[in-house]
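Trainee: Have a look at the structure that comes next, please.
Quick note: the coordinates plus some simple rules give every number you see, no bench work behind them. From a predicted model like this one, the values you see are computed outputs, not experimental measurements.
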Amino acid sequence: MHVPDGFLDAPTSVATGAVAVTAVGLALRGSRRELDDRTAPLAGLVAAFVFATQMVNFPVGAGTSGHLLGGALAAALVGPWTAVLVVSVVLLVQALLFADGGLTALGTNITLMAVVGVGVGWLVLVLVRAVLPKRISSIPIAAAAGALVSVPVAAAAFTGLFAIGGVADIPIGSVLTAMVTWHTAIGVGEAVITGLVVSAVTVSRPDLVYAARPVVARAALRPRPEGGAA
């Protein structure tokens with residue numbers, strides 16, 4: 001979903017840049033409540049994983065590319081604020097070193113993938129987690145649902161930005177159809193990968209998974225039988 005330089009007009013790029021700067025500033029403060037000495041290394045691993053998955057691109061149309069976003073996965077593992085930072089750093093490195101996206105479009109890409117992608121993914125995760133049984137096995141399902149929804153929503157958000165400030169002479173309907181259709185398929189793949197990765201981590205170290213903290217805390221508060229008796 002990387003938007004290239006010059007694809008949106010200057011006012012739209014400036015506006016999304018302001019949104020991105022504000023979001024990253026808030027994320028810097030919010031991430032302090034999510035990370036500790038145990039979970040900070042996990043953020044680095046998540047950034048590396050998201051970077052690797054986002055480097056696999058294929059053309060969608062209208063000058064844009066499609067790939068896994070990783071926002072819902074990052075939010076589930078390290079928290080939504082830290083996830084915004086993780087995805088933003090990945091996008092910055094890609095723009096600077098690999099010309100994936102563009103520097104003038106960096107604010108747009110951060111807004112779409114780090115703000116909308118992470119935000120929608122986390123919101124859906126929280127909503128699904130609330131209706132599922134309160135156990136660890138529900139967390140990968142909720143994370144997968146967040147991934148499934150977040151990708152096409154981010155694609156639809158791009159279409160909205162293109163309708164406002166797109167400079168290419170392409171019908172909005174064609175852009176919307178191409179983006180949402182392809183990214184719905186991408187969302188299915190991302191949901192599978194997100195569910196598998198979150199499941200693998202929750203099986204071995206549920207205490208490191210941010211989305212599992214309420215379940216882990218609830219389990220810790222349950223009274224244990226004395227002497228190990230049932």
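Trainee: Give the relative contact order (percent, whole number) for the range 10-221; include only Cα pairs under 8 Å separated by 6+ residues. Present the calculation step by step, with values, prior to reporting the outcome.
Mentor: Values: 323 pairs, mean separation 52.5, N = 212.
Normalised by residue count, the contact order of the range 10-221 is 25 percent.
Trainee: Hey, another quick one. Please express the Cα-Cα pair-distance distribution P(r) of the chain as a list of whole percents, one per 5 Å bin, running from 0 to the bin with the greatest distance.
Mentor: P(r) for the chain, in whole percents per bin: 1, 7, 15, 19, 19, 15, 10, 6, 4, 2, 1, 1, 1, 0, 0.
Trainee: Quick check on the chain: helices-only [θ] at 222 nm, where DSSP H runs of length 4 and up contribute -39,500 (n - 2.57) each and the sum goes over total residues. Nearest 500, please. Please list the in-between numbers first.
Mentor: On the way: 9 runs with 150 residues, N = 230.
Mean residue ellipticity, 222 nm, calculated: -22000 deg cm²/dmol.
Trainee: Same structure, new question: Using the alpha-carbon atoms, what tilt in degrees (0 to 90, nearest 10) does helix 40-54 show relative to the longest principal axis of the chain?
Mentor: For 40-54 against the chain, the angle is about 40 degrees.
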